[in-house]
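Asker: Got a structure for you, questions after.
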Amino acid sequence: MKTRTKFILWTLPILLIVLTYLYIIIVSNGLNVPWKIVGKPSENISKIIGYNLGVDKLYVYSVSGEMYSLPYYRYGDPIPLPSNWVKDKNYKKELDPIFENGYIPISFLSLPPPFKVKQIYQFEFRQIEGGSVTKFALSEDGNLWCWSVAGSGLQYFFYFLILAIEILAYIFALFVYFIIFLTKRAIRKFNFKTPNTQ
């Protein structure tokens, strides 16, 4: 086998391992999830007020001072489109405090928003085997954007199991190649030392 062919055959598995690792980093951190525009009610949004865990709603203020609510679903798509904005006149709702600019320790990374950000609001749901992180961003044109990603321990275990299998397979192939190489070398030495009896 030519040296160049050997080099390609031994380099491709390394490339596969590197690409698998990069894929795990991208997916496990949510870098493959884009920002989604939620929109606005009948008028521009001026401020994100907060999230009410009891009723699973996000509340915002409009430029005229009106309060609007938006249903939020913890499982599946958190904000189905089209958005169902509802004018809410109860100003005494107990809202969870706003956590801005990474106040909650999270294990996900989002891509930079594709717009100029006026305000960012984020919260996290922790579960036994994983959790989810949702970020709401208010753009300067009064629109609401959403970014949400979820992950579980079983998902991460599956990713790293595939990576571990690839690495072990490559190490095993190197071991087999080394054994074959030593065996051939020993046979050549034996044949060289064996006298010709004819």
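Asker: So between Ser46 and Ile24, what do we pick up on full extension, going 0.36 nm a residue minus the alpha carbon distance?
Answerer: 4.2 nm
Asker: So for each of 115-121, 184-190, 7-13, 67-73 I average, over its residues, the number of other beta carbons within 10 Å; can you give me the resulting order with the highest mean first?
Answerer: 67-73, 115-121, 7-13, 184-190
All of the numbers you see were taken from the coordinates with simple rules; none came from a lab. Just so it is clear, the model here is predicted, and its values are computed rather than measured. Glycine also receives a Cβ, built like all others from the backbone with ideal geometry; neighbour counts cover every protein chain displayed.
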